[in-house]
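Chemist: Have a look at this one.
The values are calculated or read from the model by the stated rules, or taken from the named source; none is laboratory data. Computed from a prediction, not measured in an experiment: that's the story for all the values here. Because the Cβ atoms are built from the backbone with ideal geometry, glycine has one as well, and the counts that use them run over all protein chains shown.
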Amino acid sequence: MDTSLVISGAIVLGAGGIFHLLENRIPLEKVDRSKFLKFDLVVVSIIAIVVAALTIWLLDGVVKEWLDSTIGGFDTLTSLPILARVSLALIIGDFGYYIVHRLMHTNVLWRTHVFHHSIQEIYWFSGLRTSALNSLFIRMPYLVALCLFSIPASILAIVAISLGVINFWVHSNLEVSLGPLNYILITPSFHRVHHSMAEEALNRNFGNILSCWDYMFKTAVKPTKYLNNSKKGFDVETNDVPRQMFGL
């Protein structure tokens, strides 16, 4: 087995363990983490295999070929220092994520995203419940941006782990405020509003890393105790699970 995969897995699991312990200490709301755990473990395992295969195929072929043949100024971008390239790639990728996420809340793409909004007990692991098409579409902006700046494989692995940990962070059941940085960075309470079924929270708070996009484009709703504790998610009919899992 590839040592890097083992190390990456250990880091992700370790991060999950840390979030689990922190949720015990400073929970945002009362959550039953075991209620849908078995269901999510099965779903996440299946979707992870499908998305990993599709991502490898895209990176080895379609995305890379398109970038190499159509992006002007490619050499100029790749000549920047690695820290600048990674930072710019993440900023551009995150803006792309915001756009794609907003599009997923339209009639055309809602079927790819609705499974993620079925989550009723939101905590660090629950955010991995998503359809295959959702996982693929919503990560494409990051993949394209990282390829655009020719980020080496060793750094790509670090970025991938970091994005996984960020997913744990935004879905975690943590009572955390970053003060003035709340207007720049996503917090668990900010994203929790996105999952609320309350009328004022619908189609709001789309960001993943940066909350500034929501404030810039007026889709931000500040977290409140009412919204954070409001109803979230819905029951998925058994016969509808396969369709929703793949986002069809």
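Chemist: Given the criterion surrounded by 21 or more Cβ atoms within 10 Å (Cβ to Cβ) and either at negative phi or in contact with a helix residue (DSSP H, G or I) (Cβ under 8 Å, 6 or more places away or on another chain) (or both), identify the matching residue among TYR183, TYR142.
Modeler: TYR142
Chemist: I'm told ILE99 meets every condition in (1) free of Cβ contacts under 8 Å to residues at least 60 places away in the same chain; (2) under 30 Å from PRO81 (Cβ atoms); (3) assigned to a loop (DSSP other than H, G, I, E, B) except one. Can you identify the failing condition by its number?
Modeler: Of everything listed in (1) free of Cβ contacts under 8 Å to residues at least 60 places away in the same chain; (2) under 30 Å from PRO81 (Cβ atoms); (3) assigned to a loop (DSSP other than H, G, I, E, B), ILE99 misses just condition (3).
Chemist: Give the residue, chosen from VAL108, VAL114, VAL159, that is within 22 Å of LYS232 (Cβ to Cβ), among the aliphatic types (A, V, I, L, M) and surrounded by fewer than 21 Cβ atoms within 10 Å (Cβ to Cβ).
Modeler: When all the criteria are applied, what remains is VAL114.
Chemist: Something else: If you check SER196, SER211, which single one turns out to be modelled with pLDDT of 95 or more, of a type in the set (Gly, Ala, Ser), in contact with a Ser or Thr (Cβ under 7 Å, 6 or more places away or on another chain) and surrounded by 18 or more Cβ atoms within 10 Å (Cβ to Cβ)?
Modeler: Being modelled with pLDDT of 95 or more, of a type in the set (Gly, Ala, Ser), in contact with a Ser or Thr (Cβ under 7 Å, 6 or more places away or on another chain) and surrounded by 18 or more Cβ atoms within 10 Å (Cβ to Cβ) holds for just one of SER196, SER211, which is SER196.
Chemist: Give the residues of region 157-206 that are β-branched (Val, Ile, Thr) and either closer than 19 Å to ASP32 by Cα or not in a helix (DSSP H, G or I) (or both), sorted by residue number.
Modeler: Within region 157-206, VAL170, VAL176, ILE184, ILE186, THR187, VAL193 qualify.
Chemist: Quick one: which of THR55, THR76 is assigned to a helix (DSSP H, G or I), crowded, with 16+ Cβ neighbours inside 10 Å and modelled with pLDDT under 90?
Modeler: Every option except THR55 fails the conditions.
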